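Note sheet for the following structure.
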């Protein structure tokens, strides 16, 4: 989809719903299926914890992490994502030019949607792989943080495009997604470290 098409969806929510509705239904039915032919008989849980998938998720996460400061520097932007205070978020939006708001909205609707999906797949897959017994329980904060991040992005798009001011929700969503990110990263690093230590012990 072109930039103009994305901006069109942002300006006209009814178009966005028509565009995203069938695709979201397909994704939800795919996730709920458990095991399907496209997954070659493997569950989503098994796929996420595979080494190749983890490497892909890590690569995408690193690339997206590097893109945010590059784009911010190019357009002179300060992103809303780190601001949990609704008043500070409103003040930041008011200080942006029309073009900056449009770029920010486009960024939030693209990169900032791909980002939680990428790091969510990485942290979830790593937790399930390195903690096979308690992985599903340990992964609950990650499963809460990813949709919180996406919802935060929706709130920001509505504010940036002038459709609605729901920035009060950032007081909850921003700390929630931030805490889940730190937790997920910690679980991934801890699991990888324990796995390396165990492997070293076996070879000793």
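Exposure proxy for 140, 93, 157: other Cβ atoms within 10 Å of each Cβ, ordered fewest to most, give 140, 93, 157. Computed over all pairs of different Cα atoms, the Kirkwood value for the hydrodynamic radius of the stretch 124-202 is 14.0 Å. Once you have a ≥ b ≥ c as the square roots of the Cα gyration tensor eigenvalues for the stretch 116-162, tell me rounded if a/c is under 1.5, and otherwise prolate or oblate according to whether a/b is larger than b/c. It is prolate, given that a/c is not under 1.5 and a/b is the larger ratio. Sorted on the mean count of surrounding Cβ atoms within 10 Å across their residues, most packed first, peptides 94-103, 115-124, 159-168 read 115-124, 159-168, 94-103.
We did not get these values from a lab; they are worked out from the coordinates using the rules stated. All figures in this text were calculated on a predicted structure; none of them were measured in a lab. No Cβ is skipped: glycine too gets one built from the backbone with ideal geometry, and neighbour counts run over all protein chains shown.
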